[in-house]
Amino acid sequence: MEANYFPITNWSEDDRPREKLMLKGKNALSDAELIAILIGSGSRNESAVALSKRILLSADNLNALGKMSITQLMNFKGIGEAKAIAIIAALELGRRRRVEDTVALATITSSKLVFEIMQPIIGELAHEEFWVLFLNNSNKVISKAQLSKGGITGTIVDVRLVFKLALETGATGLILCHNHPSGILRASDADKQITKKIRQAGESLDVKVLDHLIITETKYYSFVDEGIF
């Protein structure tokens with residue numbers, strides 16, 4: 001055992017992650033300390049906190065950590081299948097909470113808010129998906145739906161299905177969203193054509209297409225903000 005290694009059981013109570021959470025609350029803990037609670041223990045020569053710090057350093061940030069597979073996490077010495085699953089499950093719960101929080105309060109006032117709603121859903125995917133947010137007269141999101149799912153090269157969107165769902169939900173406005181896994185924030189000719197097609201169909205049904213966002217992991221492109229509408 002290394003001379004500078006001190007097991008958590010030898011730390012002061014204030015420094016132990018579980019006890020620290022109980023005494024000071026969840027906000028007092030670092031990301032590494034929270035992950036240490038999930039994995040429970042480290043290895044013979046490394047504490048759970050030190051192991052968690054090493055994982056975070058390798059992943060760079062929590063978003064990147066959330067993309068890791070069970071196999072990738074198990075490459076870290078001290079992380080077995082059960083610990084890898086616990087990390088993945090906890091980060092997925094956090095992602096789902098972000099989605100619920102934003103949608104529950106979502107009255108659309110800006111393209112940034114649309115990005116905050118949709119980024120956790122499609123911003124980190126390796127394939128392209130096309131989604132629609134359905135809004136009422138007050139611009140409040142009443143539902144959202146995935147219209148298509150495809151490869152990195154693109155998706156196929158059924159315009160009839162868009163308005164079938166709009167009429168079923170009583171929506172008066174739509175916001176189109178899709179992701180670019182490549183990270184390129186530029187509207188292609190195909191993006192512009194499908195937007196025009198949906199807008200024209202909406203005019204006859206009195207359902208307005210309010211915007212179309214292209215979303216990547218950290219940024220977005222708004223047709224309205226860019227003056228395309």
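We did not get these values from a lab; they are worked out from the coordinates using the rules stated. Predicted model, so just to flag it, every value in this text is computed and none were measured. We place every Cβ from the backbone using ideal geometry, glycine too, and count neighbours over all the protein chains shown.
Under 1.5 on a/c is rounded, so check that first for region 8-99, then, if it is not, pick prolate when a/b is larger than b/c and oblate when it is not; a ≥ b ≥ c are the square roots of the alpha carbon gyration tensor eigenvalues.
oblate
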Seminar exercise, completed: On the formula 1/(1 + (r/R0)^6), with r taken between the Cβ atoms of Q193 and K149 and R0 of 30 Å, the FRET efficiency rounded to 0.05 is 0.95
Exercise. Considering only DSSP beta bridges whose two residues both sit in the chain, what percent are antiparallel, to the nearest 5?
Worked result: 75
For this session: At 27 Å minimum axial length over the Cα atoms and a Kyte-Doolittle cut of 1.0, report the qualifying DSSP H helices in the chain, or say none.
Result: none
Exercise. Listed highest first by mean packing, meaning other Cβ atoms within 10 Å per residue, what order do 50-59, 17-26, 181-190 come in?
Worked result: 50-59, 17-26, 181-190
Seminar exercise, completed: Subtracting the Cα-Cα distance of T109 and E203 from 0.36 nm times their residue separation yields 31.6 nm
For this session: In square nanometres and to one decimal, what's the mean projected area of the convex hull around the Cα atoms of region 108-222?
Result: 6.1
Exercise. How far apart, in nm, are two points set 7 Å out from the Cα along the Cα-to-Cβ line at A82 and at R186?
Worked result: 5.1
Problem set entry | Length-normalised contact order of the chain in % [C-alpha pairs under 8 Å, at least 6 apart] | 13
